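Only the coordinates and a few stated rules stand behind these numbers; no lab work does. On a predicted model such as this, the values are computed, not experimentally measured, just so you know. Methodologically, a virtual Cβ is constructed for each residue, glycine included, from the backbone with ideal geometry; neighbour enumeration extends over all protein chains shown.
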Amino acid sequence: MPLKIRVKPEQKIFAGGAVLKNVGTRPADLLILSDSPVLRDDYLMNIDQSENSDAASVYFLLQVIYLFKGKGEGQKLDKLVIETTEKFAKLYPHLADQVQDIIALMLRGEGYQALRQAHKMLADQEASKQRGDDGIKVAVT
C-alpha cells in the first residue's frame with residue numbers, strides 16, 4: 001500500500017535504506033510505492049544518542065530492527081531486542097506496561113508501532129530527567 005508523506009524544508013527521512021533531505025524552501029510530497037521502512041528525522045536516533053539513557057538504548061535497538069528487518073538474522077535480533085527490553089522493564093518496573101505493549105507489537109510484526117510506543121517511552125523518561133526524577137520508583141517500608 002503506498003505511503004504519502006510530506007517532508008518539510010530541510011527535513012530528512014529514512015526510506016528503504018536511503019536518507020533523503022528536502023533541500024527546497026517548501027514542503028515536498030513524496031509517494032512511497034514499495035513496502036519499505038520509513039522514518040522522519042525526529043524519529044531517527046544515531047548510535048551516539050543511544051547511550052544517553054536506558055530507554056534510548058532500547059529505542060535504538062527497536063529502530064535497528066525496524067529499519068533493517070529482512071536484511072539478515074531477523075529472528076535472532078528480534079529475540080535479542082525482546083530480552084533487552086524485558087531487562088529494561090525489570091530496572092524500571094513503572095514502565096512494565098509500556099514495555100509489554102512494545103513486546104506484543106514486535107511479536108505481531110508491527111515494528112513501526114513498537115517504535116512509536118518506544119519513542120513515547122523515551123520522551124517520558126527524558127521528561128523525568130528534566131524534572132530531576134531518575135524514573136526509578138523505590139517502595140519505602
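Numbers below:
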read-out	value
Directionally averaged shadow of the chain, computed from the convex hull of its alpha-carbon atoms, nm²	10.1 nm²
For the range 3-43: relative contact order, % (alpha-carbon pairs under 8 angstrom, 6 or more apart)	48 percent
Overall form of the range 1-59 per C-alpha gyration tensor (a/c, 1.5; a/b vs b/c)	oblate
Cα-based helix-to-principal-axis angle, 111-130 vs the chain, degrees rounded to 10	60 degrees
Whole-Å semi-axes of the ellipsoid equivalent to the range 49-130 (Cα gyration tensor, √5λ, descending)	20, 13, 11
Within the range 3-43: Cβ-based charge dipole about Cα centre, in debye rounded to nearest 20 (Lys, Arg +1; Asp, Glu -1)	140 debye
Stretch in the chain that is longest and holds no trypsin sites (Lys or Arg not before Pro) that DSSP places in a loop and that have at most 11 other beta carbons within 10 Å	1-70
Whole-Å distance, taken between Cα centres, linking the range 1-38 and the range 101-118	22 Å
Cα-Cα over 23 Å, subset of K90/K129; K79/K129; K87/K120	K79/K129
Folded to 0 to 90 degrees: helix 74-91 orientation relative to the chain principal axis, Cα	40 degrees
Highest-fluctuation residue, L80, L107, L33 considered, GNM on the chain with Cα pairs under 10 Å	L33
